[in-house]
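Q: Quick one: this structure, given as structure tokens, is what I'll be asking you about.
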């Protein structure tokens, strides 16, 4: 049975970080293609003498050529990306008798449950961010498999262990910067966002067409 790995990351997902948009997303890779992608990305790193972790926060003029080629690589391959975006001032936890933690899980559910083929198996990997990570993973796995039995594995890993998770950080960071940072000052980051817009051939400020598979963005409308 065909298996896909989903490498998840978050941006501006804290309740009181004063950022208007919360984003959760994942990079999707076919399990049987994972080694090939990892090796090719390692080759890109060697070509550009890039030895650190791939992170949006590290994008700078000196490393722009590497990040540009990495974005080009993503769009030239069968890798895909999906993200949900929420306007946090619209969240009404009191109305639904929930706290922000409950809302967080609902958003992860919305991210992961849609566009899944019940003929396939999915492994989900989340970045370890705090001491509650193990509890979050167990709860999320229980929630997901009450609806679909396709999630074989849901677990935490460190981002430095996975190039695919680092790509999720990069793309999600670009989307977040585009939405949340109105006073954009880093030229390399602005250029990289334009590169993503060029390749994806869609605006990054609204939901993608339903048929979009390569870079699927979903802006959740909270009533």
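Rule-based calculations on the coordinates, nothing more; no lab input. Bear in mind the structure is a predicted one, so any value in this text is a computation, not a measurement. Using ideal geometry, Cβ is built from the backbone for each residue, glycine included, and neighbour counts are taken over all protein chains shown.
Q: Ordered by packing density, taken as the mean number of other Cβ atoms within 10 Å over each peptide's residues, highest first, how do 195-201, 214-220, 4-10, 34-40 rank? If you can, show how the numbers build up before the last one.
A: Details: 195-201: 15.3, 214-220: 19.1, 4-10: 23.1, 34-40: 13.7.
Result, highest mean first: 4-10, 214-220, 195-201, 34-40.
Q: Have a look at the DSSP beta bridges in the chain and tell me what percent are antiparallel, nearest 5.
A: Details: 16 of 34 bridges.
Among the beta bridges of the chain, antiparallel pairing accounts for roughly 45 percent.
Q: Further question: Could you work out how far apart the two model spin labels at residue 115 and residue 3 are, taking each label as a point 7 Å from the Cα in the direction of the beta carbon, and quote it in nm?
A: 2.3
Q: Follow-up question, since we're still on this one. Calculate the FRET efficiency for residue 123 and residue 69 from the Cβ-Cβ distance with a Förster distance of 30 Å, rounded to the nearest 0.05. Present the calculation step by step, with values, prior to reporting the outcome.
A: Values: r = 27 Å, r/R0 = 0.92.
With a Förster radius of 30 Å, E is 0.65.
Q: Let me ask something else. For residue 210 paired with residue 61, estimate the spin-label separation in nm (one decimal), with each label point 7 Å from Cα along the Cα-to-Cβ line.
A: For residue 210 paired with residue 61, the spin-label model returns 4.7 nm.
Q: Taking 0.36 nm per residue of sequence separation and subtracting the Cα-Cα distance, how much length would be gained by fully extending the chain between residue 76 and residue 185, in nm to one decimal? Please list the in-between numbers first.
A: Details: separation 109, 0.36 × 109 = 39.24 nm, distance 2.85 nm.
Answer, rounded to one decimal: 36.4 nm.
Q: Moving on to the next point. Within the stretch 157-197, name every residue whose backbone N is under 18 Å away from a label modeled 7 Å from Cα of residue 39 along the Cβ vector.
A: 163-164, by backbone N distance to the label point.
Q: For the chain, with a Gaussian network of springs between Cα atoms less than 10 Å apart, report the residue from 120, 108, 67 with the top mean-square fluctuation.
A: Fluctuation is largest for 120.
Q: Also: Beyond 20 Å, what share of the Cα-Cα pairs of the chain is found? Please give it as a whole percent.
A: Details: 14608 of 24753 pairs.
The share of Cα pairs beyond 20 Å in the chain comes to 59 percent.
Q: Full extension from residue 30 to residue 219: what is 0.36 nm times the residue separation minus their Cα-Cα distance, to one decimal in nm? Please list the in-between numbers first.
A: On the way: separation 189, 0.36 × 189 = 68.04 nm, distance 2.54 nm.
Extending this stretch completely gives an extra 65.5 nm.
Q: Fully extended, how many nm does the chain gain between residue 145 and residue 106 (0.36 nm per residue separation, minus their Cα-Cα distance)?
A: On the way: separation 39, 0.36 × 39 = 14.04 nm, distance 1.37 nm.
Contour length minus Cα-Cα distance gives 12.7 nm.
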